[in-house]
1. How high is the relative contact order of region 43-100, in percent, counting Cα pairs under 8 Å that sit 6 or more residues apart?
2. Of the heavy-atom accessible surface of the chain (probe 1.4 angstrom), what whole percent is carbon and sulfur?
3. Ordered by residue, what ³J(HN,Hα) values in Hz, to whole numbers, does region 55-66 give under the Karplus form 6.51 cos²θ - 1.76 cosθ + 1.60, where θ = phi - 60° and Gly and Pro are x?
4. Check each of the chymotrypsin sites (Phe, Trp or Tyr not before Pro) in the chain and keep only those in coil by DSSP with at most 15 other C-beta atoms within 10 angstrom; list them in order.
5. Check cross-link reach from Lys63 to the aspartates and glutamates: straight Cα distance under 20 Å, and skip same-chain residues fewer than eight apart.
6. Given a 1.4 Å probe, how much area per residue of the chain is accessible, in Å²?
7. Between the helical axis of 85-96 and the dominant principal axis of the chain, each derived from Cα atoms, what acute angle in degrees is found, rounded to the nearest 10?
8. Taking region 22-100, which GluC sites (Glu not before Pro) meet the DSSP loop condition and have no more than 12 other C-beta atoms within 10 Å?
Amino acid sequence: MPAWTPRDDGIQIAVRVTPRGGRDALTAGTEEHFAARLSAPPVDGAANAALVPLVAKHFGVPKRAVTIVAGDTARLKRLHVAGDPQKLARLAEALYGDTP
């Protein structure tokens with residue numbers, strides 16, 4: 001499965017999270033997922049709480065437009081980013097170059 005998939009109302013992205021990874025950053029990972037380094041620890045939902053605003057900031061959407069749809073307690077997560085699918089896909093492609 002690719003790192004992102006267009007949907008009618010946005011895109012769905014796969015993200016591999018590294019909690020306690022220093023400063024917060026969202027970067028290209030593999031063809032299957034983005035890589036997110038978070039300074040937050042993986043306890044009491046702190047890493048998930050830090051991931052949502054990081055993704056929202058990168059894609060230029062409000063935090064309420066980003067939801068975790070799978071992998072709430074796993075390192076590999078699927079998130080839905082609501083918005084214009086073409087614009088969001090272009091932003092995702094910018095991390096990777098030509099293709100995911």
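1. Rounded, it is 23 percent for region 43-100.
2. Numbers: 2830 of 5480 Å².
Carbon-and-sulfur percentage of accessible area, whole number: 52.
3. Karplus values, whole Hz, x for Gly and Pro: 5, 4, 5, 4, 8, x, 10, x, 4, 5, 7, 10.
4. Of the chymotrypsin sites (Phe, Trp or Tyr not before Pro), not one in the loops of the chain has a Cβ with at most 15 other Cβ atoms within 10 Å.
5. Straight-line reach from Lys63, under 20 Å: Asp8, Asp9, Asp24, Asp44, Asp72, Asp84.
6. Using a 1.4 Å probe on heavy atoms only, each residue of the chain averages 55 Å².
7. Once rounded, one gets 60 degrees.
8. Working: sites: Glu31, Glu32, Glu93; in loops: Glu31, Glu32.
Of the GluC sites (Glu not before Pro), the ones in loops of region 22-100 whose Cβ has at most 12 other Cβ atoms within 10 Å are Glu31, Glu32.
The values are calculated or read from the model by the stated rules, or taken from the named source; none is laboratory data. Just so it is clear, the model here is predicted, and its values are computed rather than measured. Virtual Cβ from ideal backbone geometry, glycine too; neighbours counted across all protein chains shown. These accessible areas exclude ligands, DNA and RNA; they are computed on the full protein's heavy atoms, side chains included. Shrake-Rupley method; radii C 1.70, N 1.55, O 1.52, S 1.80 Å.
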